[in-house]
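Following: one structure in structure tokens, then a few remarks.
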Amino acid sequence: MSTELDTLADEALLERFQRGDAEAFEVLLGRYERPLYNFVLRSVRDPEKAADLIQEVFLRVIQRSDQFQGQSKLSTWLYSIARNLCIDHGRRMVFRRHRSLDAPLASDEGKSATLGDRVPAPTPEADRDSIARELQGQIAAAVEELPEDQREVFLMRQVQGLAFKDIAEIVGVSENTIKSRMRYALERLQAALEEYRDYAKELG
């Protein structure tokens with residue numbers, strides 16, 4: 001792949017693609033395929049379906065690239081497309097409510113990780129190791145119990161690492177609303193994990 005293309009901003013790559021440069025699209029695909037897949041997988045909980053939806057995301061990018069006006073970041077546009085597809089899928093599969101928090105997440109090293117892996121590693125002592133495992137399970141369960149709008153914001157922020165402004169654009173509400181949902185999510189998690197607070201400090 002061209003080194004020049006690799007250095008271009010997302011928006012510049014899309015512009016190159018609109019002019020017929022297929023390699024520019026391949027660079028965009030390389031940048032966002034994995035993080036978007038993890039984002040979608042977190043919602044649909046089915047690796048095969050997530051892969052299908054990611055193909056649909058990039059198909060829509062190809063079909064609608066001229067609709068991108070540059071009023072937001074290209075990454076925000078991509079996540080918005082992915083989120084809308086997940087919502088459509090969820091409406092069709094509304095009877096399936098179980099959500100697994102053991103699905104792979106994107107990591108800086110390009111390897112899979114789970115939400116539980118974000119918990120600080122336990123010390124060698126057996127008791128702390130046991131506490132760490134129990135805490136991981138409690139965190140996963142507590143996140144699972146969050147209201148959908150709060151869980152969505154929490155995962156976008158903590159797992160995908162998106163800025164509040166970008167999450168607001170993706171979800172279609174104000175940034176203050178997103179921050180409020182995040183605050184409520186953290187308060188709920190704190191309350192749910194109160195009995196493990198001291199243990200978590202030790203493990204940190």
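Values quoted throughout were computed directly from the atomic coordinates according to the rules given, and no laboratory measurement underlies them. Remember, predicted model here, so these are calculated numbers, not experimental data. In this analysis, Cβ positions are derived from the backbone assuming ideal geometry, glycine residues included, and neighbour counts consider all displayed protein chains.
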Q) Say each of Ser180 and Ser130 gets a label point 7 Å from the Cα, pointing the same way as Cα to Cβ; how far apart are those two points in nm? A) 4.4 nm
Q) Rg to Rh ratio, the range 3-92, alpha-carbon atoms and Kirkwood radius? A) 0.98
Q: Calculate, for Gln55 and Thr7, the FRET efficiency according to 1/(1 + (r/R0)^6) with r their C-beta to C-beta distance and R0 22 Å; round to the nearest 0.05.
A: 0.25
Q | Selection of trypsin sites (Lys or Arg not before Pro), the range 7-59, meeting DSSP coil and at most 11 other Cβ within 10 Å | A | Arg19
Q. Which ordering of Val171, Val40, Val27 is given by a fewest-first count of other beta-carbon atoms within 10 Å?
A. Val171, Val27, Val40
**Q.** Approximate spin-label separation Arg19-Arg31, in nm, with each point projected 7 Å along Cα-to-Cβ
**A.** 1.6 nm
